[in-house]
Structure formats: structure tokens, C-alpha cells
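What follows is a single structure, written as C-alpha cells, with notes after it.
The numbers here are math on the coordinates, done by the rules we state, and not lab data. This structure is a prediction, so every number in the text was calculated from the model and none was measured. In this analysis, Cβ positions are derived from the backbone assuming ideal geometry, glycine residues included, and neighbour counts consider all displayed protein chains.
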Amino acid sequence: MVEETNCDIQIANAISHLREQWGELKPEIAIICGSGWGELSELFANSLSVSYQNIPGMSATTVTGHAGNLHLCEINRKQILIFQGRRHLYEGVGWGPIRFPVLLASKLGTKNLLVTNAAGGINSSFKVGSLMLIEDHLNFMASNPLIGPISDPKIPRFPDQTEVYNIELRNRMEEVAKVNDCPLNRGVYVALSGPAFETPAEIKAFTILGADAVGMSTVPEAMLGHALGMKVVAISCISNLAAGISREKLSHEDVSQAAKIALPEMKKLISSFLADLLG
């Protein structure tokens, strides 16, 4: 039996606080929004929201484009949790704040997890503003969120990684994209710790290894959600071309700007996917 930890207590306190604010909580899906994806909350006119800072165990985001709010939304009377912004390993606060949203969603009984990000395009056929469905990943973060004591009895000590990204949800996403005429690439995402962008030599190496896009997030949440038994699906917005492919110097401002341009397609795809999943 797993001993109660400080994280367990914080999760319990967070759930108690949210139920006091919102009443009964039985979310069907949780969405973690990366850079440029926070505006997905605008899809829901009557959503309820609370700042991360007001939720026990959570803390303020530190990166531009990550608002740091939790939204409770509904489709067909089915609840959706939208985490508007995430914490990152490069912030130097450890795995705790990164794991917390996934553990919280799981404790609430959430079965599905959608993880989003803005990524650099490595695949030469990808264009800025296009979307990529993640089929698999390469973890080059030099660590992973499953190291340490087991934080939930549902997590095996040695989780299988054959299908981190659920094939059923991937098929649903691709079918919805086709029906709604939303161009959707497929590919492998490579995760680094950041915060520096990658060098041209690193991008060449990742190309040889089979990566199609690169970023600094998503893999930790996907690994943890999968280990908890959640069905995971993940989408990247290709917000810049990676170093050595792009002729321009990279900046977070350019990433944010590209995501804004792609936002209408992002909203159309995700709203259609949620309607299909929760219909």
C-alpha cells in the first residue's frame, strides 16, 4: 500500500476546494494547454474558472502565454477541465508542479487527457502554423516524471511505453480532422528540457533519429497520464521551423505569434474532436 504523501494531501485539498467552488466534479477529459493553446477556453461561453494560485498545491505559471487558470466547461452535460497553461522542467521547480494537473485530473476520475504544445518543425514538409498529431516521442529531457516513489497505486513501477498515445483517440482525431477539412500531420515529437532552443547540430541529430517536431513539454504529462491508465492524445502546433532549418533566429515571441495565426484551425479541430468524443 502506498503511504500518504504531501502530494496526496495537496491533491485532496485541491479537490475539496474545487468542489466547494463548483459542486460535483466528474470530468470526462482534461486538456493541458501549451503556448498559444490557452484560447481554447473561449470555445465555452459559460465556463467557470479559478486561478492556479487559488488552488491548494498549484502555483502561478511563469511563462508568457500560459495564463495559469483552471476552467470547468461542459459539452452535452459532460464536464471538461482545461488547464490554461503549464509548468516546465526548465523553471527549476522539479516535477511536482508538472505532475500535479495530471494527478488531480486522474483523482477526479478523468479518463481522457489531451495535451497540446507549440513545437519547432523538423520535418521539412511541415509549415509554420500547421498541426501535428503526436504518434510517439523521444524523451531527451534527461529525466522523467515517473522517477521516485510511486505517487499513485494505479501506476506500475515499470510502465509499458508501447502505446503512450492512445490509438483510438488518434484515430478519432484524424477522422474529425478529415471531416472538417483540417490538415493534420502525424509525427514523432522529441522533448528537451530547455530553456535554450536547440542547436542546428542537435536538430540534424534528431532528424536522423526520426523526429518530426521538437519542444520542451508534453512528454512528462503524456507519460504520467498513460501510466495512470488515462487515454492520452497530443497535438503540436508547428509554430516555427527548428534551428538550421529556419534562416531566422528563434524567439518565444515568434512562437506565440505563429500560434495566434493557427488558432482558428486549432479551435475548429479541438471543438470538433470534443463534440465527437462527448457526443
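Counting only lysines at least 8 places from Lys267 when in the same chain, those with an alpha carbon closer than 16 Å to its own are Lys178.
Pairs of alpha-carbon atoms within less than 8 angstrom and 6+ residues apart define the contacts here; what relative contact order does segment 150-279 have, in percent? Before the final figure, lay out each step's value.
Numbers: 120 pairs, mean separation 43.0, N = 130.
For segment 150-279, the relative contact order is 33 percent.
When the charge dipole of the chain is built from unit charges on Cβ atoms (+1 for Lys and Arg, -1 for Asp and Glu) and taken about the Cα centre, the candidate among Ser106, Leu25, Ile55 whose Cα reaches farthest toward its positive end is Leu25.
Is there a quick way to get the dipole size of the chain? I mean about its Cα centre, with the Cβ of Lys and Arg at +1 and of Asp and Glu at -1; what is the value in debye to the nearest 20?
On the way: 23 positive and 28 negative charges, 36 e Å.
Dipole magnitude for the chain comes out near 180 debye.
Positive-end ranking of Ala243, Pro220, Leu274 along the dipole of the chain, with charges on Cβ about the Cα centre, is headed by Leu274. The Cα center of segment 203-279 and the Cα center of segment 33-47 differ in position by 16 Å.
With volume of the Cα convex hull per residue in Å³ defined as stated, name the option among (1) 150; (2) 139; (3) 121 computed from the structure displayed. Given (1) 150; (2) 139; (3) 121, the structure-derived one carries the label (3).
Of the residues Ala14, Gly121, Val93, the one whose Cα sits farthest toward the positive end of the charge dipole of segment 1-125, with +1 on the Cβ of Lys and Arg and -1 on the Cβ of Asp and Glu, is Gly121. Taking label positions 7 Å along the Cα-Cβ direction at both Ile208 and Lys78, the computed distance is 4.5 nm, reported to one decimal. Couplings 3J(HN,Hα) of segment 86-91, computed from phi: 9, 9, 10, 4, 5, 6 Hz, in residue order, whole Hz [Karplus 6.51 cos²θ - 1.76 cosθ + 1.60, θ = phi - 60°; x for Gly and Pro]. Note on Lys127 and Asn171: the model spin-label points, each 7 Å out from Cα along the C-beta direction, lie 3.0 nm apart. Couplings for segment 195-211, taken from phi via the Karplus curve 6.51 cos²θ - 1.76 cosθ + 1.60 with θ = phi - 60°, read x, 5, 5, 6, 7, x, 5, 5, 5, 4, 5, 5, 4, 4, 7, x, 7 Hz in order; Gly and Pro are left as x.
In segment 181-279, which GluC sites (Glu not before Pro) are in a loop and have at most 10 other Cβ atoms within 10 Å, using DSSP for the loop call? All intermediate terms of the calculation are to be shown ahead of the outcome.
Numbers: sites: Glu198, Glu202, Glu221, Glu248, Glu253, Glu265; in loops: Glu198, Glu248.
For GluC sites (Glu not before Pro) across segment 181-279 that sit outside H, G, I, E and B with at most 10 neighbouring Cβ atoms in 10 Å, the list reads Glu248.
If a spin label sat at a point 7 angstrom from the Cα of Leu138 along the line to its beta carbon, the backbone N atoms of segment 105-121 nearer than 18 Å would be those of 119-121.
Remark: segment 182-189, residue by residue, has Karplus-estimated 3J(HN,Hα) of 9, x, 9, 7, 10, x, 9, 9 Hz, where x stands for each Gly or Pro and the curve is 6.51 cos²θ - 1.76 cosθ + 1.60 at θ = phi - 60°. Within the same chain, lysines fewer than 8 places from Lys154 are excluded, and of the rest, those with a Cα less than 29 Å from its Cα are Lys26, Lys78, Lys107, Lys111, Lys231. List the GluC sites (Glu not before Pro) within segment 103-173 that fall in a DSSP loop (any state other than H, G, I, E or B) and whose Cβ has at most 15 other Cβ atoms within 10 Å. Passing sites in segment 103-173 are Glu163.
For segment 177-238, relative contact order (Cα pairs under 8 Å, six or more residues apart, normalised by length) works out to 33 percent.
Using only helices, what value at 222 nm comes out for the chain when you add -39,500 (n - 2.57) per DSSP H run of length 4 or more and divide by the total residues, to the nearest 500 deg cm²/dmol?
Values: 6 runs with 87 residues, N = 279.
Helices in the chain give a 222 nm mean residue ellipticity of -10000 deg cm²/dmol.
Label sites at Ala12 and Gln257, each approximated as a point 7 angstrom past Cα along Cα to Cβ, lie 5.0 nm apart. Ranked for footprinting exposure by Cβ neighbours inside 10 Å, fewest first, Met173, Met216, Met266 give Met266, Met216, Met173. Each peptide among 235-243, 98-106, 66-74 gets the average number of other Cβ atoms lying within 10 Å of its residues, and from highest to lowest they stand as 235-243, 98-106, 66-74. Here is the list for segment 139-179: trypsin sites (Lys or Arg not before Pro) lying in DSSP coil, each with at most 15 other C-beta atoms within 10 angstrom of its C-beta, are Lys154, Arg157. Applying 1/(1 + (r/R0)^6) with r as the Cβ-Cβ distance of Lys107 and Thr64 and R0 = 35 angstrom yields a FRET efficiency of 0.70.
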